[in-house]
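Here, each number is a calculation from the coordinates, and none is a lab measurement. In this text the structure is predicted, and so the values were computed from the model without any measurement. Cβ placement follows ideal geometry from the backbone for every residue including glycine, while neighbour counts extend to all protein chains displayed.
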Amino acid sequence: MLSTYNYNIEAIPLEGSVIDLDKEKRSGYLNQKFRLFHLQDKTSKEFDFHYHDFYKIIIFLKGNVTYFIEGKAYYLKPWDILLVNHHDMHKPIIDSTQEYERIILWIDNDYISAQNNTDCDITTCFKLANERSFNLIRLETKFQSRLKMIIKELELTLNSKEFGSVLMSHALFIQFMIYINRIFLGNLYLKSDDSLKYDKQIEKVLNYINENLTSDLSVEFLSEQFFISKYYLMHKFKKETGFTLHNYILQKRLMMSYKLIQEGVPVLKASEQCGFKDYSSYLRAFKKLFHKSPSEVSLS
């Protein structure tokens, strides 16, 4: 059974409104400021690696789930928090024999950035997760109680029609983000070896790729850079990430070009800056991934 509570800060639907989450995940985009889902179900579905063009927070409540984010496997415990950056490749592996309960927040990039000021950037937790290559916040019991209270109030307020409920939900969301950032900045979360599994060599390869998307990333170059045979590199990369090396680099470069085009960079220049040497191949790959042409993104 699937219990879905879907909220957003612009329009508050009735309790229990159900949306097509699969369709939302495939699209990768968010047209509201933020949305909150409280989900509880049993599923035998296998998820593919996917990404979003927005920030995502997962609060794990119950079940037996391993969550993969950018080549790392996180073994979750109740009230674990996962920070998923926009464009992070991720997927869950779910034990279908157990009920899986979680709270998910989808957060629009522009909305969350608009809440920042000179001395407070509430996207810092996502940036640090990226820098540390560590997306998990595991709270001590004393910190869990505060989190539970904020989340409960946020859920109730998002479902309320009382005076000022929209403003209150906005305030509670900001409070939640500040709390998460304080935990992450202060290193107040638990660190345990049993929560994480990854290949250190592939982690170095992933970090290098993401920091050098405009450079030569051929398998020949990378195998020389990391002193491993290209065939072993391709095999190991696919095993650890779920992607072929070529497809991972292609998708990351396409995402980068999409962002550049959104920022006003001409399409041809964006493709060249992201390492594409053949423009027609770039156009085909762009349309296949985003289901729209670069010119359509530029006009929007």
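Computed from the C-beta positions of residue 133 and residue 263 and an R0 of 30 Å, the FRET efficiency is 0.70 to the nearest 0.05.
Extending 7 Å from the Cα toward the beta-carbon at both residue 230 and residue 64 defines two label points whose distance is 4.2 nm. The calculated 222 nm mean residue ellipticity attributable to helices in the chain amounts to -13500 deg cm²/dmol, summing -39500 (n - 2.57) over DSSP H runs of n ≥ 4 and dividing by all residues. For q values of 0.23 Å⁻¹, compute log₁₀ I(q)/I(0) with the Debye formula on a Cα-only model of region 199-299, without solvent. Evaluating at q = 0.23 Å⁻¹ gives log10 I(q)/I(0) of -1.14.
Counted over all Cα-Cα pairs of region 66-190, pairs farther apart than 18 Å make up 58 percent.
Pairs of Lys residues in region 85-201, spaced 8 or more positions apart or belonging to different chains, with C-alpha separations under 30 angstrom: 22 in total.
Grouping the Cα pair distances of the chain into 20 Å bins from zero gives a pair-distance distribution of 30, 58, 11, 0 percent in increasing distance order. So, R0 is 25 Å and r is the distance between the beta-carbons of residue 47 and residue 283; what FRET efficiency does that work out to, to 0.05? Calculated transfer efficiency: 0.30.
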